[in-house]
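Enquirer: This is the structure, below, for whatever I ask next.
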Amino acid sequence: MLARVESVALVGIDAVPVLVEADANPAAERKTLVVGLPDAEVKEAQERVWVAIRNSGFHPHTGRMTISLAPSDLRKQGSHFDLPMALAHLASTGQVERQDLSDFCVLGELGLDGGLHPVPGVLSAAIGARDSGKRALFVPAENGPEAAVVDGLRVYGISSLAEVVEFFNGQRDLEPLPHHLDGLDLDAPEYEVDFADVKGQDHVKRALEVAAAGGHNLLLIGPPGAGKTMLARRLPTILPPLSQAEALETSRIYSVAGMIPSGRSLLVARPFRCPHHTISNAGLVGGGAPPRPGEVSLAHHGVLFLDELLEFPRTVLEVLRQPLEDGHVTIARASGTVQFPSSVMLVAAMNPSPSGDFLDPVRATRAQITAQERYLARLSGPLLDRIDMHIEVPPLTKDELVGKPRGEASAAIRVRVQMSRDRQAARFKGTRIHCNAEMSSRLLRKHCVLGVDGQALLQRAVDQLGLSARAYDRILKLARTIADLDGQDEIRVPHVAEAIQYRSLDRKLWRG
């Protein structure tokens, strides 16, 4: 008897429908054959499914069982195929009254006792099931809240194989989980840190406000203990709250990675990722078999912080160039190509010299200057050009250290950032651009027109600093953001002057 159940395969953060078919042949000796490009994890599920069926009080097939996973040219990976394979097995032997369950989507990992364990990627599966017109989605109970944020789909959280079989046989009633996306509070995420706690560093806080307002990448340069990491960790607190669309997209990445926090259905705060400098290329941008999202994708719609930037291997840093430019990571394999989104704000921190301190251009020896030049050369020009702002973070003075924090609270700064982002949203309405940092050359020419005085000032900066074409564009984008924070449609000379000041490495202030 032939039976059908629908499930999904995960490709990146997308869910592709997979039809699970089972055919029982009682005349042959006991054997289970799984076809359709299953990986080792799916193949080894055969015995687990057989034992789970027996321990759930049903009768596993004693003849030949053929299970097909279609389409056959797509690699099937993951333990979530356990439950649909078990249901197809039981339906093909008449223990589930309905043989065709293909209008339902089912996924879950089975324990040997027939209980269900949570699986990754449920949020993407729910979106895929809804978009393909499925009647309902059955997932492990622990994954239920995660799937229930998707509207237009009935979601059932189940705890065992027996429970779902009884439902299909009309022996048990199950209530779908309530859709609860509208009940999530995205406007007031909780943070453990605040800018009100920061002493001094007013110019750095201003730079972080500009970066947040325009979505600009940022490099903090200062000696150990100056507060670079402390400041960077507070950047998410002044970013605008996640929209529902952003929260869903970011949560899909964490769902596929199996990193949705326990008891949560969606991420409600912008992510902040801080990988160690020993990370590999695959750990940073993604990879592996099957491909998994890297840190740059886990920071999507948030902040990727690289502390001790020049301690990262240069080859690792260079792989960031494409994700920073394109807003997504493309992982090519012989079996196909996978994309993960990576629209992030990059914040990096580094020491100004091998000794960790700013060099005095008058007292520095030639050996010290040469060592510093070799040290700074670890950061390639193309990557540096993709970082809009280079900010010096000097150590605090004695008075600042012993004094009380007098800075603004993050909430007050966030209001100004939100107002600036609102202006940008109106400017870029109807496009895929969300903030000034994402402007193309065409939009740059349209929205970053300078007056005669502003153009003359920027031309002098180009001549004196030897700026590249990309650095020139970055300054224009920064000036546009500063004007937005000032509530101005026109970019004025003070806006250009402030933008130029945010290019410390171009000015080489500590080299003399």
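Enquirer: Based only on the alpha carbon positions, what is the Kirkwood hydrodynamic radius of segment 267-357, in angstrom?
Expert: 13.6
Enquirer: For the chain, the longest stretch holding no GluC sites (Glu not before Pro) located in a DSSP loop with at most 14 other Cβ atoms within 10 Å is which?
Expert: That would be 193-489.
Enquirer: Using 1/(1 + (r/R0)^6) with R0 = 60 angstrom and r between the beta carbons of A411 and E29, what's the FRET efficiency to the nearest 0.05?
Expert: Computed FRET efficiency for A411 and E29: 0.30.
Enquirer: Something else about it: Quick one: if you take sqrt(5λ) for each eigenvalue of the C-alpha gyration tensor of segment 66-202, what semi-axes come out, biggest first, whole angstrom?
Expert: 37, 17, 15
Enquirer: Just going by the charge dipole of the chain, with Lys and Arg at +1 and Asp and Glu at -1 on Cβ, which of N281, V204, A461 is farthest out on the positive end?
Expert: The Cα lying farthest towards the positive end belongs to A461.
Enquirer: Additional query: Taking only C-alpha pairs under 8 Å that are 6+ residues apart, what is the relative contact order of the chain in percent?
Expert: That works out to 14 percent.
Enquirer: With contacts defined as alpha carbon pairs under 8 Å and 6 or more residues apart, what's the relative contact order of segment 192-315 in percent?
Expert: In percent, rounded to a whole number, it is 22.
Enquirer: With viscosity set to 1.567 mPa s and temperature to 4 °C, compute the Stokes-Einstein D of the chain, Rh being the Kirkwood radius across alpha carbon pairs; µm²/s, no decimals.
Expert: Using the Kirkwood radius from Cα pairs, D works out to 51 µm²/s.
Enquirer: About its Cα centre, how strong a charge dipole does the chain have in debye, to the nearest 20, once Lys and Arg get +1 and Asp and Glu get -1 at the Cβ?
Expert: For the chain, the charge dipole is close to 1620 debye.
Enquirer: Pull up the cross-link candidates among the lysines for K199, meaning alpha carbon to alpha carbon under 21 Å and not fewer than 8 places away within one chain.
Expert: The reachable lysines, counting only those whose Cα sits under 21 Å from K199, are K228, K398, K404.
Enquirer: Also, I was wondering about something else. What residues from segment 304-324 fall in the zone where the backbone N is under 14 Å from a label point 7 Å along the Cα-to-C-beta line of T278?
Expert: Correct set: 312-313.
Enquirer: Let me ask you something else. Report, by chain and number, residues whose modeled amide H sits under 5 Å from the one on G286, excluding near sequence neighbours (fewer than 5 apart, same chain).
Expert: Those qualifying (amide H under 5 Å, at least 5 residues apart or on another chain) are G294, E295.
Enquirer: Enumerate by residue number the trypsin sites (Lys or Arg not before Pro) in segment 343-444 meeting two conditions: DSSP loop (anything except H, G, I, E, B), and at most 13 other Cβ atoms within 10 Å of the site's Cβ.
Expert: Passing both the DSSP loop test and the Cβ count: R363, R406, K429, R432.
Enquirer: If one computes P(r) from the Cα atoms of segment 401-512, what percent of pairs lie at distances over 20 Å?
Expert: 48
Enquirer: Largest first, how would H179, H277, H390 line up by accessible area (1.4 Å probe)?
Expert: H179, H277, H390
Enquirer: Rg(Cα) of segment 73-117 divided by 2.2 N^0.38 Å?
Expert: 1.22
Enquirer: R0 = 35 Å: FRET efficiency of D73 with S440, Cβ-based, nearest 0.05?
Expert: The pair D73/S440 has a calculated efficiency of 0.45.
Enquirer: Compute the FRET efficiency between D173 and D100 as 1/(1 + (r/R0)^6), taking r as their Cβ-Cβ distance and R0 = 35 Å, and round to the nearest 0.05.
Expert: FRET efficiency, D173 to D100: 0.95.
Enquirer: Right, next: Mind jotting down the distance between the C-alpha centroids of segment 28-96 and segment 240-254, whole Å?
Expert: With segment 240-254 and segment 28-96 each reduced to a Cα centre, they are spaced 35 Å.
Enquirer: What whole-number volume per residue, in cubic angstrom, does the convex hull of the C-alpha atoms of segment 1-135 give?
Expert: Spelled out: Cα convex hull of segment 1-135, divided by residues, is 94 Å³.
Enquirer: Note the angle between two axes, namely the Cα long axis of helix 82-92 and the longest principal axis of the Cα atoms of the chain, as a number of degrees from 0 to 90, rounded to the nearest 10.
Expert: Helix 82-92 sits at roughly 20 degrees to that axis.
The values are calculated or read from the model by the stated rules, or taken from the named source; none is laboratory data. Given the structure is predicted, the values throughout are model-derived calculations rather than measurements. Heads up, the Cβs are rebuilt from the backbone with ideal geometry, glycines too, and the neighbour counts pull from every protein chain shown. These area figures cover heavy atoms from the full protein model, side chains too; ligands, DNA and RNA do not enter into them. Shrake-Rupley method; radii C 1.70, N 1.55, O 1.52, S 1.80 Å.
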